[in-house]
Amino acid sequence: MAACSAPGKIILFGEHAVVFGEPALAVAINLRTTARGDLAKEWSVNGLPLQDPHYKYVRNAVERSGTIGPLSMTVQSTIPEGSGMGSSAAVTVATLGALHESGHPAEPDLIASEAFDVEHNVQGRASPIDTSTSTHGHAVLVLKNRGPGFLWRLQKGERQWYLHHRDIPPMTFVVGHTGLEAATGPLVEKVRAFCEKNAEGRNMIVEIGQITLDGTEAMGKKDWVAVGSLMDRNHELLNALGVGHDKLDQFVAAAKPFSYGAKLTGAGGGGSMIALTDKPDEVARAIEAAGGRAFKVMTGQRGMEVISQ
Ligand code: MEV
């Protein structure tokens, strides 16, 4: 028997742009997924066949890792699915961790690389930010070149990403979940198609990359006012790229009077927004009054870890 856990994440800056290879910053949050594997006569997940469409990330992880088996897998998560908080990445990373622990334990860079392959397989065009943040934890900064805090480099075709550890101060964010599950793959494809036809789309992608760099620097200086206004601009650009949603705008407007800044997080099209605030209770109440589900999440979380063997 082997069990692993892996955290969810929120993207503070740079979603969608990171798929094009631009910088992005994500943090692990205190919502987690656990996966456990027990030797069995045939493969199963939570009592269902491995082929069950609900468990495509688990099935792909089993195929990708080539682990011995069969195993009866048990996967449990506190991360709402399709919420923009990295539920599929956490399922993939925790499953790969448990599979490797059942056979040959793997280093985080191998888990991150396999998890990215799985996400790419299932989702289509993707970046490694969600899976690498779930693997490493803490804060992960994606850059175009290798710099201080370098963790690993991942590549797909022409595109490559250099993943870095970042120390950021412990922070509380309020996440406002619309309750609308939005599949990431079609939203990523929508942005690709928009940018292929529109030069201003490509300029927005580049501007988002610069916002990530400026936002990371402002965070290092604890300049929350600057961080907040960069979040606001990032939100406008994501709306202009076509991945916004009326409910996200309503929650952003509700959070604003009590926040430094607010933006959608993850793929958009539903899912969730985040607000940076030192009045989390007021923000949570405002989001719930606007019809959302609010979560107070904390940064500074560990990445994938083995919880038993
Ligand atoms: C989804 O959490 C983040 C996106 O940038 C997609 C990806 O990076 O694969 C929208």
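Percent of Cα pairs in the range 1-127 per distance bin of 10 Å, from zero to the largest separation: 14, 46, 31, 8, 1. Positive-end ranking of Tyr57, His120, Thr74 along the dipole of the range 1-123, with charges on Cβ about the Cα centre, is headed by Thr74.
Counted over the chain, the DSSP beta bridges are approximately 95% antiparallel.
Using a simple spin-label model with pseudo-atoms 7 Å out from Cα toward Cβ, Asp278 and Lys41 lie 6.2 nm apart. Considering every alpha-carbon pair of the range 144-202, the percent of pairs per 5 Å bin, from zero through the bin containing the longest distance, is 4, 12, 10, 13, 17, 21, 19, 4, 0. Spacing of the modelled spin labels on Lys197 and Glu288, each 7 Å from Cα toward Cβ, amounts to 4.2 nm.
Between Asp167, Asp52, Asp278, the residue with the greatest mean-square fluctuation in the GNM of the chain (Cα pairs under 10 Å linked by springs) is Asp52. In plain terms, the chain from Thr172 to Leu48 could stretch by 40.9 nm, reckoned as 0.36 nm per residue minus the Cα-Cα distance. Taken along its principal axes, the alpha carbon cloud of the range 82-160 reaches lengths of 35, 27, 25 Å, longest axis first. Find the relative contact order for the chain and round it to a whole percent, using C-alpha pairs within less than 8 Å whose residues are 6+ positions apart. Relative contact order here is 26 percent. Dipole check for the range 1-143: with +1 at the C-beta of Lys and Arg, -1 at the C-beta of Asp and Glu, and the Cα centre as origin, the magnitude is about 220 Debye.
Considering only protein heavy atoms and a probe of 1.4 Å, how much of the accessible area of the range 3-168 is carbon and sulfur, as a whole percent? Ligands and nucleic acids excluded, carbon and sulfur reach 48 percent.
Give me log10 I(q)/I(0) at q = 0.12 Å⁻¹ for the range 172-298, Debye formula, one equal scatterer per alpha-carbon, no solvent. For the range 172-298, the Cα-only Debye profile gives -0.44. Summed over the residues of the chain and divided among them, the accessible surface reaches 41 Å² per residue at a probe radius of 1.4 Å. Cα centroids of the range 251-309 and the range 42-86: how far apart, whole angstrom? Each part reduced to its Cα centre gives a spacing of 27 Å.
So if we plug the beta-carbon distance of Lys296 and Glu207 into 1/(1 + (r/R0)^6) with R0 = 35 Å, what FRET efficiency do we get, rounded to 0.05? Computed FRET efficiency for Lys296 and Glu207 comes out at 0.70.
Listed by chain and number, the aspartates and glutamates whose C-alpha is less than 15 Å from the C-alpha of Lys256, apart from same-chain residues fewer than 8 away, are Asp232, Glu236, Asp278, Asp281, Glu282, Glu288. With a cut-off of 15 Å between beta carbons, the residues surrounding Leu180 carry a summed charge of -2, where Lys and Arg count +1 and Asp and Glu -1.
Once both labels are positioned 7 Å from their Cα atoms along Cα-to-Cβ, the gap between Gln155 and Lys222 label points is 4.1 nm. Over the chain, the fraction of Cα-Cα pairs per 10 Å bin, rounded to whole percents and listed from the shortest bin up, is 7, 30, 35, 21, 7, 0.
For the range 172-298, with all protein chains in place and a probe radius of 1.4 Å, 52% of the accessible heavy-atom surface sits on carbon or sulfur. Counting other Cβ atoms within 10 Å of each Cβ, which trypsin sites (Lys or Arg not before Pro) in the range 11-98 have at most 12 and sit in a DSSP loop? Answer in residue order: Lys41.
The values are calculated or read from the model by the stated rules, or taken from the named source; none is laboratory data. Remember, it's a predicted structure, so these values are computed and weren't measured experimentally. As a convention, Cβ positions derive from the backbone with ideal geometry for all residues, glycine included, and neighbour counts pool all protein chains shown. Quick note on the areas: whole protein, heavy atoms, side chains included, nothing else; ligands and nucleic acids left out. Shrake-Rupley method; radii C 1.70, N 1.55, O 1.52, S 1.80 Å.
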